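What follows is a short report on a single structure.
The values are calculated or read from the model by the stated rules, or taken from the named source; none is laboratory data. Remember, predicted model here, so these are calculated numbers, not experimental data. Cβ coordinates were reconstructed from backbone atoms using ideal geometry, including for glycine residues, and neighbour counts include every protein chain displayed. With ligands, DNA and RNA removed, areas are computed over all heavy atoms of the protein, side chains included. Shrake-Rupley method; radii C 1.70, N 1.55, O 1.52, S 1.80 Å.
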Amino acid sequence: MTMKFRSDLPLMQGLPLASLPTEEPMILASGSPRRAQLLSAAGYEFSVQPASDEAECGMCSRETAPELVARYAYRKAADIATKNDCGLVVAADTVASCYGQILGKPHDIEHAEAMLRQLSGRRHDVFTGICVWSIVEQRCVVDVVRTELQMEPLSETMLRDYLDSMLWEGKAGAFGYQDGNDWLEILENGSESNVVGLPMERLADLFERFDSIATRIAADGGNSPLSR
Ligand SMILES: Cc1cn([C@H]2C[C@H](O)[C@@H](COP(=O)(O)OP(=O)(O)OP(=O)(O)O)O2)c(=O)[nH]c1=O
């Protein structure tokens, strides 16, 4: 199986580009190559500073998928904000969710197999939390985008081929929508970029409305304020 996430993929075409809401240079607080590719394809200029692993910790049993991704996106942005004097920080977190169960990145191939068997033939959601944080203004906005998908029933051959390809590594729900499989369908005009890790339409919208919707960051840093 070949890696098909290239800049000429349809999902990388025609991505919206908005003006930055502050004069600060954009910092992508993520080590995800997908997020960097999406921002580059849209035409943004930015530097990359992945947040530390500790930003993604402390899973609360009563937390829903949208609450979790909002909190993690906020924590990733906060981590980078504390390490810089200036910058418009963009951070995100993505999970899949199936019948209330949250599926993050698989730990190993057995974990990936269990996730794919759970998703096989089912409707499920991908949620991405996004945080835009101005270090100079000490204001931020947090939002969550949901995209519904349908996975066709996977045969044993399809499952084994995909597991052997290792393309599931580092991807929430153990699948990559961008990997060129035809067994995943996005429903209701959902956002492809959201599934791949950064909802570009919503990011542009948040940039455009940042001035009116961004909230002041609490002195103690607070925790996951969903801005709308
Ligand atoms: C559902 C899905 C997720 N993904 C990816 C997007 C994210 O990179 C990853 C989810 O993990 P995240 O924890 O959101 O991000 P990350 O660990 O890759 O990077 P960082 O924490 O530094 O920001 O899954 C795909 O590439 N394709 C898909 O179809």
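Tell me, what is the FRET efficiency for residue 160 and residue 13 to the nearest 0.05, using R0 = 35 angstrom and their Cβ-Cβ distance as r?
On the way: r = 32 Å, r/R0 = 0.92.
Efficiency for this residue pair is about 0.60.
Angle between the Cα long axis of helix 33-42 and the longest principal axis of the chain, 0 to 90 degrees, nearest 10?
60 degrees
Using bins 10 angstrom wide from zero, how does P(r) for segment 25-216 break down, in % of all Cα pairs?
9, 37, 34, 16, 3, 0
Might you tell me the accessible area per residue for segment 1-118, computed with a 1.4 Å probe and given in Å²?
Working: 5910 Å² over 118 residues.
Ligands and nucleic acids excluded, the result is 50 Å² per residue.
In degrees from 0 to 90, rounded to the nearest 10, what is the angle of the helix 65-81 Cα long axis to the longest principal axis of the chain?
Orientation of helix 65-81: about 50 degrees from the principal axis.
Take peptides 119-126, 96-103 and line them up by average Cβ neighbours within 10 Å, highest first, as a rough protection proxy. Display every interim value, and only then the final one.
On the way: 119-126: 17.8, 96-103: 16.2.
For the peptides 119-126, 96-103, the packing ranking is 119-126, 96-103.
Please determine, in degrees from 0 to 90 and to the nearest 10, the orientation of helix 109-119 with respect to the longest principal axis defined by the Cα atoms of the chain, where the helix direction is its Cα long axis.
The angle comes out at about 90 degrees.
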